[in-house]
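What follows is a short report on a single structure.
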2 protein chains.
Amino acid sequence: MEMPTPDPKVLAKKPQLVERLLQVLPEDAVIHEEAETRAYECDALTAYRCPPLVAVLPANTQEVSDVLRICHEFDVPVVPRGSGTSLAGGALPTADSVILGVSRMSEVLEVDYDNRFIRVQSGRTNLSVSGAVEEQDFFYAPDPSSQLACAIAGNVAMNSGGAHCLKYGVTTNNLLGVTMVMMDGEVVEIGGAHLDSGGYDLLGLICGSEGQLGVVTEAALRILRKPEGARPVLMGYDSNEVAGQVVSDIIKAGVLPVAIEFMDRPCIRATEAFAGAGYPDCEALLIVEVEGSDAEIDEQLGLILQIARKHNPVELRESGSAEESAKIWLGRKSAFGAMGQINDYMCLDGTIPVSQLPYVLRRIGEMSKDYGLDVGNVFHAGDGNMHPLILFDANKPGDLEKCEAFGADILRLCVEVGGCLTGEHGVGIEKRDLMVDQFAPDDLDIQMAVKDVFDPAWLLNPAKVFPLAASSGRRAA
Amino acid sequence: MEMPTPDPKVLAKKPQLVERLLQVLPEDAVIHEEAETRAYECDALTAYRCPPLVAVLPANTQEVSDVLRICHEFDVPVVPRGSGTSLAGGALPTADSVILGVSRMSEVLEVDYDNRFIRVQSGRTNLSVSGAVEEQDFFYAPDPSSQLACAIAGNVAMNSGGAHCLKYGVTTNNLLGVTMVMMDGEVVEIGGAHLDSGGYDLLGLICGSEGQLGVVTEAALRILRKPEGARPVLMGYDSNEVAGQVVSDIIKAGVLPVAIEFMDRPCIRATEAFAGAGYPDCEALLIVEVEGSDAEIDEQLGLILQIARKHNPVELRESGSAEESAKIWLGRKSAFGAMGQINDYMCLDGTIPVSQLPYVLRRIGEMSKDYGLDVGNVFHAGDGNMHPLILFDANKPGDLEKCEAFGADILRLCVEVGGCLTGEHGVGIEKRDLMVDQFAPDDLDIQMAVKDVFDPAWLLNPAKVFPLAASSGRRAA
């Protein structure tokens with residue numbers, strides 16, 4: 001993936017820049033030695049690496065504002081970073097950029113059970129948001145697989161989803177307001193802790209804008225009362241297409257489970273070896289979970305099992321206990337890790353209309369044969385958010401390039417059937433060049449003109465989201 | 001409310017403009033005789049009236065595109081209009097503007113039960129969207145009180161809600177994609193019929209932008225399976241504050257009824273006289289509705305009734321039949337009409353954190369005494385979306401002005417307690433000058449700069465949303 005050539009004028013400013021940053025931040029919050037900046041050279045898209053000019057770790061909104069004001073003055077690009085779990089290279093530095101990490105900003109600022117919200121600093125990890133309210137039996141709904149590590153800042157930047165978003169919606173449906181610092185250091189409040197807001201929906205625009213419009217330092221998040229209970233069911237089928245049809249039929253029937261997850265044989269095997277979740281050995285596995293009181297669960301499951309049985313399952317098993325349920329979910333949540341232990345992989349993130357699942361799964365299988373690269377599928381099937389894992393060998397010359405070409409073809413297929421390039425990982429650098437397959441040049445121009453409004457000098461995460469050729473007239477370098 | 005002075009240069013263009021419009025539209029779709037343009041002189045904020053220069057009624061996206069291209073060429077402002085039910089003056093013309101009405105665009109374009117969406121032309125009324133899918137037991141969730149008349153175009157423009165949005169979300173949560181025509185006539189597709197989309201969330205930005213960024217001609221909407229059953233409960237209390245506390249306690253408990261509606265004594269009396277819904281005669285009435293199977297309903301209601309009883313209700317009555325339920329809702333949905341039969345009123349639309357309900361209701365009562373104007377309260381209490389109706393006498397000189405001042409004070413109170421100026425009616429002209437109470441000048445500047453991107457000449461509904469003084473440098477006139 002091509003990155004813009006670093007601007008030598010910016011590189012030359014490093015000594016003065018570091019000096020100025022040290023005037024507003026403690027010494028250990030300004031990382032500028034080459035050996036140390038290397039810790040920030042990549043995110044979870046590890047195929048691409050580049051140490052930044054400097055990394056800073058501010059502790060609050062004021063410090064973020066100070067940092068941005070200085071970088072704005074020095075005309076230095078800034079790449080905001082949550083926990084660095086981005087699978088799309090959203091937090092990949094350029095050599096002439098300052099990485100702004102929010103990891104020191106993890107405080108809970110306010111919990112309001114009466115109005116069902118929590119306000120946190122944006123560096124707080126996703127899981128620890130729920131942790132802060134679980135004593136009162138509340139939780140924060142969006143649950144990316146990386147929830148143990150990923151930060152709310154990154155969740156907001158990428159509009160992250162998760163297994164349970166089928167019922168509860170993704171980040172944008174659970175975000176009430178943010179404190180954001182503009183590139184010139186100005187601090188703005190967008191949204192609040194209540195319904196809607198006057199004027200345009202800037203909060204919706206900020207959510208999913210991949211750190212290109214401002215740096216979110218605090219967020220007010222909707223919290224929900226935990227359901228009384230939940231029960232997953234394992235459904236095994238002897239083909240991907242049939243399992244895809246079951247998903248489509250459940251959605252069509254209008255039942256709304258809290259999650260419908262899908263794994264194919266390569267993922268089932270790897271996960272079973274890694275986590276011992278008790279998964280059956282079959283071609284395709286669905287984990288369908290419903291929530292509520294026992295009576296509610298029985299009723300919903302009744303409908304779902306009826307649909308499942310029509311398609312001749314090779315396995316159909318309701319979880320019998322809380323331990324069994326936890327094991328089932330542990331398997332699913334560690335699937336990526338399990339695959340990573342046996343193979344290099346590239347994880348894609350396209351979305352498609354649910355009714356297209358059987359067709360798209362079949363096409364991916366055919367393309368896998370054409371490219372000679374295996375694919376594992378493990379994804380949020382209920383809302384059509386696919387995560388094909390393309391397996392490749394990082395040490396084999398040409399394999400990464402072949403894998404990228406294959407991935408691009410899969411994402412084009414998603415767009416073709418009425419879906420889109422990204423569900424929750426963002427465009428980052430990974431899908432930057434594919435944006436032309438989804439958007440006409442005029443559409444991209446409007447999107448870039450919106451960035452002009454917030455960041456006229458294009459200093460915030462400038463080499464992401466848009467094809468470099470399209471944004472070249474706007475970026476400084 | 002001040003409106004910009006019409007531009008005499010624009011007025012002089014009328015003959016040529018009409019001639020050009022007649023080249024792209026049938027004769028009966030171009031309304032230019034003064035007697036006929038009067039039909040478009042106001043929307044549901046009837047206190048303000050002004051006939052437009054011309055009104056056009058295109059029948060499809062192509063005709064909308066033709067109209068906008070011509071108006072763009074002639075530099076004539078365009079005010080898009082759904083069904084004209086806006087309570088905030090969103091569709092109020094200026095004398096030098098073309099009203100673009102979408103009432104002839106009411107076709108169903110596509111119904112896809114597998115993927116749970118419907119695609120309609122934007123002039124289709126809200127209720128007839130549900131009507132198109134009810135045979136298959138599906139429905140479209142957002143249900144404004146005006147749903148019999150209001151158009152999807154207006155719902156999208158104002159991000160409309162409704163009584164049942166507590167559970168299902170407002171328009172933005174149920175809108176999947178739009179076809180929109182830009183001011184220069186270009187047709188763009190935003191979003192789709194699937195999860196999320198690459199790049200910035202422009203769909204979220206369009207929703208609620210009050211016809212200022214483009215004219216939405218088609219919309220893909222999420223449809224849902226109808227619940228098995230639903231049951232409302234009437235709860236009467238002897239003070240507004242206590243009823244407000246019950247709402248706050250239900251929300252705090254984490255139960256999620258599908259609706260929590262609130263009416264105070266003036267509204268209960270007027271509605272009862274008008275609709276005979278069987279409401280008890282008390283200070284404050286709550287209608288709380290839950291959905292699901294009988295078992296689910298019993299269980300949820302058990303929790304809710306427990307909370308209700310703690311606060312000593314003067315009445316607590318579950319609906320015993322489908323007819324009784326229909327009567328209860330007919331009363332609520334006709335409350336505005338019932339009030340209108342006995343009084344002139346101005347309907348406000350502020351939102352507040354739910355826990356502030358008791359305080360805000362008390363303050364409104366105090367302000368009512370200070371201003372010497374009565375207030376009726378009937379609103380969506382569950383999500384803190386208030387609709388105080390200020391009663392006044394349109395024939396009494398000075399009463400409207402006093403009413404507006406009182407209304408402004410109530411909305412400022414909403415902002416003060418952490419809420420906002422508008423929940424679902426939009427800013428329009430009504431709350432334009434109050435935007436400075438919610439937003440700093442720099443915030444307004446950013447919002448206006450976003451409009452610059454979509455409509456550089458500020459021809460689309462230019463005199464709305466922003467204070468005239470703030471937008472004067474941008475508007476042509």
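The values are calculated or read from the model by the stated rules, or taken from the named source; none is laboratory data. This structure is a prediction, so every number in the text was calculated from the model and none was measured. Positions of Cβ are backbone-derived with ideal geometry, glycine not excepted, and every protein chain shown enters the neighbour counts. Only protein heavy atoms, including side chains, enter the accessible area calculation; ligands, DNA and RNA are left aside. Shrake-Rupley method; radii C 1.70, N 1.55, O 1.52, S 1.80 Å.
Can you list the residues of the range B:77-118 whose accessible area drops by at least 30 Å² going from the chain on its own to the full set of protein chains, with a 1.4 Å probe? Hits at the 30 Å² cut-off: B:Asp114, B:Asn115, B:Arg116. Taking 0.36 nm per residue of separation and subtracting the current Cα-Cα distance, fully stretching the chain between B:Ala149 and B:Lys402 would add 88.0 nm. The share of accessible area on the protein assembly as shown that comes from carbon and sulfur is 49 percent, using a 1.4 angstrom probe.
Indicate, rounded to the nearest 5 percent, the antiparallel portion of the DSSP beta bridges found entirely in the protein assembly as shown. The answer is about 90 percent antiparallel.
Legend: mean number of C-beta atoms from other chains within 10 angstrom of residue C-beta atoms, peptide B:121-130, equals 0. Chain B and chain A together bury an accessible surface of about 5200 square angstrom, both sides counted, with a 1.4 Å probe and no ligands or nucleic acids included. Beyond 21 Å, what share of the Cα-Cα pairs of the range B:230-336 remains, rounded to the nearest whole percent? In whole percent, the share of Cα-Cα pairs in the range B:230-336 beyond 21 Å is 29. In the context of the full set of protein chains, the protein assembly as shown has a per residue accessible area of 35 Å² (1.4 Å probe).
Gain on full extension, evaluated as 0.36 nm per residue between A:Ile342 and A:Glu19 minus their Cα-Cα distance, stands at 111.7 nm. Under the convention that each Lys and Arg Cβ holds +1 and each Asp and Glu Cβ holds -1, the size of the dipole of the range A:8-103 around its Cα centre is about 260 debye. If the limit is 31 Å between Cα atoms, which of B:Lys9/B:Lys464; B:Lys167/B:Lys396; A:Lys333/A:Lys451; A:Lys327/A:Lys402; A:Lys451/B:Lys9; A:Lys167/B:Lys333 go over it? From B:Lys9/B:Lys464; B:Lys167/B:Lys396; A:Lys333/A:Lys451; A:Lys327/A:Lys402; A:Lys451/B:Lys9; A:Lys167/B:Lys333, over 31 Å: B:Lys167/B:Lys396; A:Lys333/A:Lys451; A:Lys327/A:Lys402; A:Lys451/B:Lys9. Computed from label points 7 Å out along Cα-Cβ, the spacing between A:Asn60 and A:Leu316 is 5.9 nm.
Taking every residue in B:435-441 and counting other chain Cβ atoms within 10 Å of its Cβ, the average works out to 2.
Among the GluC sites (Glu not before Pro) in the range B:1-38, those placed in a DSSP loop whose Cβ has at most 11 other Cβ atoms within 10 Å are B:Glu2, B:Glu33. The angle separating the long axis of helix A:294-310 from the principal Cα axis of greatest extent in chain A is about 70 degrees.
Calculated mean residue ellipticity, 222 nm, chain B: -10500 deg cm²/dmol, from DSSP H runs (n ≥ 4) at -39500 (n - 2.57) each, averaged per residue and rounded to 500. Remark: spin-label model distance B:Glu366-B:Lys167 equals 3.8 nm, labels positioned 7 Å along the Cα→Cβ axis. Let's test the formula: R0 of 30 Å, r as the Cβ-Cβ distance of B:Glu283 and A:Leu256. What FRET efficiency results, to the nearest 0.05? In this case the efficiency is close to 0.20. The length gained by stretching the chain between A:Thr5 and A:Ala476 to full extension, at 0.36 nm per residue less their Cα-Cα distance, is 168.5 nm. A straight line joining the Cα centroids of the range A:387-437 and the range A:141-189 runs 23 Å.
Mean partner shielding of peptide A:442-453, defined as the number of other chain Cβ atoms within 10 Å of each residue Cβ, is 5. What translational diffusion coefficient, to the nearest whole µm²/s, does the range A:105-242 have by Stokes-Einstein, given a Kirkwood radius computed over alpha-carbon pairs, a temperature of 4 °C and 1.567 mPa s viscosity? It comes out at roughly 82 µm²/s. Each of B:Ser145, A:Val288, A:Val246 was scored by the projection of its Cα onto the charge dipole of the protein assembly as shown, and the greatest displacement toward the positive side belongs to B:Ser145; charges sit on the C-beta of Lys, Arg, Asp and Glu. Protection proxy ranking, highest mean first, for peptides B:381-392, B:152-163, A:127-138, A:259-270: B:152-163, B:381-392, A:259-270, A:127-138, where packing is the per-residue count of other beta-carbon atoms within 10 Å, averaged. By DSSP, the beta bridges lying fully in chain A are antiparallel in about 90 percent of cases.
Taking other residues whose beta carbon is less than 14 angstrom from the beta carbon of A:Tyr279, and scoring Lys, Arg as +1 and Asp, Glu as -1, yields -1. Each listed q (0.09, 0.18 Å⁻¹) maps to a log10 I(q)/I(0) for the range B:7-158 from the Debye sum over equal C-alpha point scatterers, namely -0.31, -1.03.
Of all the C-alpha pairs in chain A, what % are more than 34 Å from each other? Here the tail beyond 34 Å accounts for 35 percent of pairs. Projected over every direction and averaged, the convex hull enclosing the alpha-carbon atoms of the range B:303-365 yields 6.6 nm². FRET efficiency for A:Asp374 and B:Arg49, Cβ-Cβ distance as r, R0 = 51 Å, nearest 0.05? Result of the calculation: an efficiency of 0.15. With R₀ set to 35 Å, the beta-carbon distance separating B:Ser128 from A:Leu127 gives a calculated FRET efficiency near 0.20. Contact with the other protein chains removes 50 Å² or more of accessible area, compared with the isolated chain and a 1.4 Å probe, from these residues of the range B:208-231: B:Arg225.
The range A:43-110 and the range B:50-101 have their alpha-carbon centroids 46 Å apart. Partner aspartates and glutamates whose Cα lies under 19 Å from the Cα of A:Lys13, excluding those fewer than 8 positions away in the same chain, are identified as A:Glu27, A:Glu33, A:Glu34, A:Glu36, A:Asp66, A:Glu73, A:Asp75, A:Asp96, A:Asp184.
Taking the Cα atoms of the protein assembly as shown, the ratio Rg/Rh between the radius of gyration and the Kirkwood radius comes to 0.96. Modelled spin-label separation between A:Ala295 and A:Phe74, with each label point placed 7 Å from Cα along the Cα-to-Cβ direction: 6.5 nm.
Plainly put, the tip 7 Å out from Cα toward Cβ on A:Gly337 is 6.0 nm from that tip on each other copy, the closest given first. Each Lys and Arg contributes +1 and each Asp and Glu -1, all at the Cβ; summed about the Cα centre of the protein assembly as shown, the dipole is approximately 280 debye. Relative to one another, the C-alpha centroids of the range B:216-251 and the range A:300-322 are positioned 33 Å apart.
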